[in-house]
Amino acid sequence: MTTTENNKLIAEFMDLSIKEGVCYYTDSDDMYPMGIEVEEPYIPYDESLEWLMKVVDKIFSLGYDYTIKPRHMIIKERMGEVVSECIGQDQSQKEVIFQAVIEFIKFYNQNK
């Protein structure tokens with residue numbers, strides 16, 4: 001999958017609303033416009049650690065635990081089974097988290 005497709009996958013998982021080329025982030029109570037109109041919606045999960053951590057928070061709220069270490073992230077069920085793991089020697093911490101989140105969402109979508 002491309003980065004754009006991965007960002008859209010995360011957006012769907014996060015119940016992101018995309019209307020008329022403008023991307024909106026839906027928090028628990030409010031909807032925040034994310035900026036200017038664009039041909040492709042601007043969904044910066046691959047660029048923003050702040051956006052990624054909101055996804056990690058949602059994963060935790062669904063009953064999964066996670067461990068983040070330098071260039072390593074594990075997401076597992078509360079009883080211990082690893083669902084997603086990413087180790088990146090040449091990747092940034094943000095890239096490792098992004099990949100682990102993508103792997104988790106694919107698992108989650110197949111098993112919900």
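The values are calculated or read from the model by the stated rules, or taken from the named source; none is laboratory data. Model, not experiment: these values are computed from the prediction. All Cβ positions, even for glycine, are placed from backbone atoms using ideal geometry, and neighbour counts span all protein chains on display. These accessible areas exclude ligands, DNA and RNA; they are computed on the full protein's heavy atoms, side chains included. Shrake-Rupley method; radii C 1.70, N 1.55, O 1.52, S 1.80 Å.
Just so you know, in the stretch 80-94 the residues that are open to solvent by less than 70 Å² (accessible area, probe 1.4 Å) and not aliphatic (A, V, I, L, M) include one that is farthest from I43 (Cα to Cα), and it is G80. Screening the candidates Y64, Y25 for the property of being at pLDDT 90 or above and in contact with a Phe, Trp or Tyr (Cβ under 8 Å, 6 or more places away or on another chain) yields one hit, Y64. Within the stretch 55-112, how many residues are of a type in the set (V, I, T) and touching a His at 6+ places or on another chain (Cβ under 9 Å)? Total meeting the criteria: 2.
Filtering the stretch 74-100 to residues that are closer than 22 Å to E12 by Cα and in a strand (DSSP E or B) leaves I74, I75, K76, E77, V83, S84, E85, C86. The condition of being touching a Ser or Thr at 6+ places or on another chain (Cβ under 6 Å) and open to solvent by less than 70 Å² (accessible area, probe 1.4 Å) does not hold for I97.
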